[in-house]
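Student: I'd like to ask you about the structure that follows.
The values are calculated or read from the model by the stated rules, or taken from the named source; none is laboratory data. Please read these numbers as outputs of a predicted model, since none were measured by experiment. Heads up, the Cβs are rebuilt from the backbone with ideal geometry, glycines too, and the neighbour counts pull from every protein chain shown. To get the accessible areas, we keep the full protein, side chains included, count just its heavy atoms, and leave off ligands, DNA and RNA. Shrake-Rupley method; radii C 1.70, N 1.55, O 1.52, S 1.80 Å.
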Amino acid sequence: MTQTHDNLIGGQWVAGASYSPNINPSNLLDVIGDYTQASAEQLDAAVQAARAAFPAWSTSGIQARADALDKIGTEILARREELGTLLAREEGKTRLEGIGEATRAGNIFKFFAGECLRLTGEVVPSVRPGIGVEITREPVGVIGIITPWNFPMAIPSWKIAPALAYGNCVVMKPADLVPGCAWALAEIISRSGIPAGVFNLVMGRGSVIGDPLVNHPGVDAISFTGSQGVGARIARQCAVTLKKIQLEMGGKNPQVILDDADLAQAVELSVQSAFFSTGQRCTASSRLIVTEGIYPKFIEAMKARMATLKVGDALAAGIDIGPVSSLSQLEQDMSYVDIGKAEGALLVAGGERLKLPTDGFFMAPALLTDTTADMRINREEVFGPVASIIRVKDYEGALFETNNTPFGLAAGIATTSLKHASHFKRHSQAGMVMVKLPTAGVDYHVPFGGRKGSSYGPREQGRYAQEFFTIVKTAYTLP
Ligand code: NAD
C-alpha cells in the first residue's frame, strides 16, 4: 500500500476525486506515493478559504508572519537531507542537488521572515502646504501560485514565502509531475502557526485546476513559472480579468567562450550549466557560442570531460546526472537531437537513451557542433541535456549571437578580458549575466528573472519581490 496525500483546503486535508501515482524517474517500479487530484469545486473552496482568511492575516502584524516563516525555514533546513532525497526521488536531479535545493528553500523562508520586519514606506511633503503624504505598501490579496516540475521545492518557496511575508493568502497548484515536494512543504506550512485558509494546496492538472485558478474572480494575482506557451496564455486570460501577473518562463541561454578564456574553466562551467540537473534548468546553457581560435580545442576538451560524466539513479552515490524527469520530456530531448542532425548539425557526443540496471528515463548528455543560429535547436527550448555549439569569428560575433534569440533569461561569458566582460555585462540582453560562472546557479537573496520572452512582470526573490506581492497606497492627510 502506498501512502495517500490530500489537498490542503481551509486548514483541512481533503481527498480529491481520484489519486495519481508519483513515479520515480530513476526506477519506474518505485511509487513514491499516491497524490490526490483536486476537482474544480475544490479549487473554488480553496479560493473561498483564502478570501475568508485574508482580512485577519493581512492585518495580523509582522511578528506573527515573521515567526511562522522562520519556523517553516527552520524545519526545512533541519530536514534538508530527507526533503532533498524526496526531491531527487521524484524529480530526478541528484541527491546532492536535491539537498542543495531543499537548503535553498529553507534559506528563502528565513530570508523572508526577516523581510516581514523590514517593509518600509515613505513620508513626503505635499505640494499643498500643511498636508501630509504617506506612501505605504499593502498586501495584494489572494495569490494563485502555479509552478513547474524542475525546481519542485525552491520555486514554490520563492513564491509562497514573499506572498505570506507581505500579508497575502495563497492557493498553490504545483506541477502534477512532482506533487511530493509541494505536499511536504504544505504539511510543514500547515504546522507553522499560520491560520487555516491562509495557505491552500490543490493538486492536479493544469487544464483542470490551473486554468480555473487563473480565471477565478476571487484571485487577485497570479505568480507563474513554466513554459512560454502556458505563460502567454495566462497573460491573455489575466488581461481580461485585470489580475496582476508575474511570469517566469523558458530560456535558450548563451554561454560565450572567447579565445582568451581559461580552457579548463570554460569547459567545467559549460558542462555544469548545460548538463547538470539533466539540463532541466531554465537557466541552463543550451547554446555554447565559441570564437574560432579556441573552437577545436574547446570541442575536444568538452568531449573528454563529457566522457567522464556518470549518468545514473539520482539516489546513487557518485552520480553526476540523474534521469530525465518524464517519458514525454525524454522523447522531446531525443527528438531535438534528431531535429538538429536533420538540420545539418553534427552529434559529437551522447544523445542516446541509456539502459541501466533500473528502468528509468536515462539519457547520455548530447553535444551538437556545426550549428547555426537559425536552426530550431538554437531557437527553441529543449529543456534537457542537449547543448549546441555555434562558431563565431570574434567577440562582436559572439555578442550578436548572444542576443539573437527570442529569450533573455541568463547569459554567460568565459574570458580573461576585463574589457569584454564589462561590455558583455552591459550589452547582453538577459536578466542575469555571469562572468566566468555557469549560467545556472544563482543566489536566493537577489532578484531573479529575465527579459524578452523569458519573463513578464516584476522580478522574483530578494527585496524586489515586494514589487509583485504588495500594492502601493498613497494617503493624504490634512492634520
Ligand atoms: P508548463 O508550462 O507545462 O507547466 C507549468 C505549470 O503550469 C504546471 O503546474 C502546469 O500544470 C500548469 N499549467 C499547465 N497548463 C495550464 C493552464 N492552461 N492554465 C494554468 N496552469 C497550467 O511547464 P513545465 O513543463 O512544468 O516546466 C518547464 C518550463 O518551465 C520550461 O519552459 C522552463 O524553462 C520553465 N521554467 C522557468 C523558470 C524561470 O524562472 N524562468 C524556472 C523553472 C522553469
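Student: Of the residues 289, 299, 294, 321, which is open to solvent by 10 Å² or more (accessible area, probe 1.4 Å) and among the aliphatic types (A, V, I, L, M)? Outline the logic, then answer.
Tutor: Values: 289 fails: open to solvent by 10 Å² or more (accessible area, probe 1.4 Å); 294 fails: open to solvent by 10 Å² or more (accessible area, probe 1.4 Å); 321 fails: open to solvent by 10 Å² or more (accessible area, probe 1.4 Å).
Going through 289, 299, 294, 321 in turn, just one is open to solvent by 10 Å² or more (accessible area, probe 1.4 Å) and among the aliphatic types (A, V, I, L, M): 299.
Residues checked against (1) within 16 Å of the ligand (Cβ to nearest atom); (2) open to solvent by 30 Å² or more (accessible area, probe 1.4 Å); (3) within 20 Å of residue 8 (Cα to Cα); (4) not in a helix (DSSP H, G or I):
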{"residue": "83", "(1), (2), (3), (4)": "no, no, yes, no"}
{"residue": "104", "(1), (2), (3), (4)": "yes, yes, no, no"}
{"residue": "124", "(1), (2), (3), (4)": "no, yes, no, yes"}
{"residue": "151", "(1), (2), (3), (4)": "yes, yes, no, yes"}
{"residue": "167", "(1), (2), (3), (4)": "no, no, yes, yes"}
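Student: Could you check, for the range 41-57, whether at least one of its residues is in a loop (DSSP other than H, G, I, E, B) and either farther than 25 Å from residue 109 by Cβ or in contact with a strand residue (DSSP E or B) (Cβ under 7 Å, 6 or more places away or on another chain) (or both)?
Tutor: No.
Student: Pick out the one residue from 115, 138 that is touching a Gly at 6+ places or on another chain (Cβ under 8 Å), surrounded by fewer than 24 Cβ atoms within 10 Å (Cβ to Cβ) and either in the same structural domain as residue 184 (by TED's automatic domain parsing) or among the aromatic types (Phe, Trp, Tyr) (or both). Show your work before the answer.
Tutor: Values: 115 fails: touching a Gly at 6+ places or on another chain (Cβ under 8 Å).
Of the residues listed, the single one that is touching a Gly at 6+ places or on another chain (Cβ under 8 Å), surrounded by fewer than 24 Cβ atoms within 10 Å (Cβ to Cβ) and either in the same structural domain as residue 184 (by TED's automatic domain parsing) or among the aromatic types (Phe, Trp, Tyr) (or both) is 138.
Student: Looking for something surrounded by fewer than 17 Cβ atoms within 10 Å (Cβ to Cβ), away from the ligand (no atom under 14 Å from the Cβ) and farther than 28 Å from residue 246 by Cα - is there at least one such residue anywhere in the range 428-436?
Tutor: yes
Student: Looking only at the range 324-354, which residues are touching a helix residue (DSSP H, G or I) at 6+ places or on another chain (Cβ under 8 Å), part of a strand (DSSP E or B) and open to solvent by 50 Å² or more (accessible area, probe 1.4 Å)?
Tutor: 347, 353
Student: Any residue at all in the range 395-412 that's more than 16 Å from the ligand (Cβ to nearest atom), of a type outside the set (Val, Ile, Thr), open to solvent by 10 Å² or more (accessible area, probe 1.4 Å) and within 30 Å of residue 178 (Cα to Cα)?
Tutor: no
Student: Now for a separate question. Confirm whether residue 288 is away from the ligand (no atom under 16 Å from the Cβ), in contact with a Gly (Cβ under 7 Å, 6 or more places away or on another chain) and not in a helix (DSSP H, G or I).
Tutor: On the way: away from the ligand (no atom under 16 Å from the Cβ): yes; in contact with a Gly (Cβ under 7 Å, 6 or more places away or on another chain): no; not in a helix (DSSP H, G or I): yes.
So residue 288 fails the test.
Student: I'd like to know if the range 228-242 contains one or more residues that are in the same structural domain as residue 90 (by TED's automatic domain parsing), surrounded by fewer than 21 Cβ atoms within 10 Å (Cβ to Cβ) and in contact with a Gly (Cβ under 6 Å, 6 or more places away or on another chain).
Tutor: yes
Student: Return the residues of the range 169-178 that are buried (at least 24 other Cβ atoms within 10 Å of the Cβ) and either part of a loop (DSSP other than H, G, I, E, B) or within 10 Å of the ligand (Cβ to nearest atom) (or both); say none if nothing qualifies.
Tutor: Residues of the range 169-178 buried (at least 24 other Cβ atoms within 10 Å of the Cβ): 169-175, 178.
Answer for the range 169-178, where residues must be buried (at least 24 other Cβ atoms within 10 Å of the Cβ) and either part of a loop (DSSP other than H, G, I, E, B) or within 10 Å of the ligand (Cβ to nearest atom) (or both): 172, 173, 174, 175, 178.
Student: Condition check: more than 22 Å from the chain's Cα centre (by Cα), surrounded by fewer than 24 Cβ atoms within 10 Å (Cβ to Cβ) and assigned to a loop (DSSP other than H, G, I, E, B). Does residue 369 satisfy that? Show your work before the answer.
Tutor: Values: more than 22 Å from the chain's Cα centre (by Cα): yes; surrounded by fewer than 24 Cβ atoms within 10 Å (Cβ to Cβ): yes; assigned to a loop (DSSP other than H, G, I, E, B): no.
No, not satisfied.
Student: In addition: Could you check how many residues of the range 216-229 are touching a residue at least 60 places away in the same chain (Cβ under 8 Å) and within 8 Å of the ligand (Cβ to nearest atom)? Don't jump to the end; show me each part of the working.
Tutor: We begin by selecting, within the range 216-229, every residue touching a residue at least 60 places away in the same chain (Cβ under 8 Å); these are 216, 218-228.
Add one more test, that the residue is within 8 Å of the ligand (Cβ to nearest atom), and what stays is 224-228.
The total comes to 5.
Student: Something else about it: Let me confirm something: among 29, 96, which residue is open to solvent by 40 Å² or more (accessible area, probe 1.4 Å), assigned to a helix (DSSP H, G or I) and within 26 Å of residue 363 (Cβ to Cβ)? Give the derivation first.
Tutor: On the way: 29 fails: assigned to a helix (DSSP H, G or I).
Within the list 29, 96, the selection yields 96.
Student: Do you know which residues across the range 184-215 are open to solvent by 10 Å² or more (accessible area, probe 1.4 Å) and within 14 Å of the ligand (Cβ to nearest atom)?
Tutor: Listed by number, the residues that qualify are 205, 206, 207, 208, 211, 212, 215.
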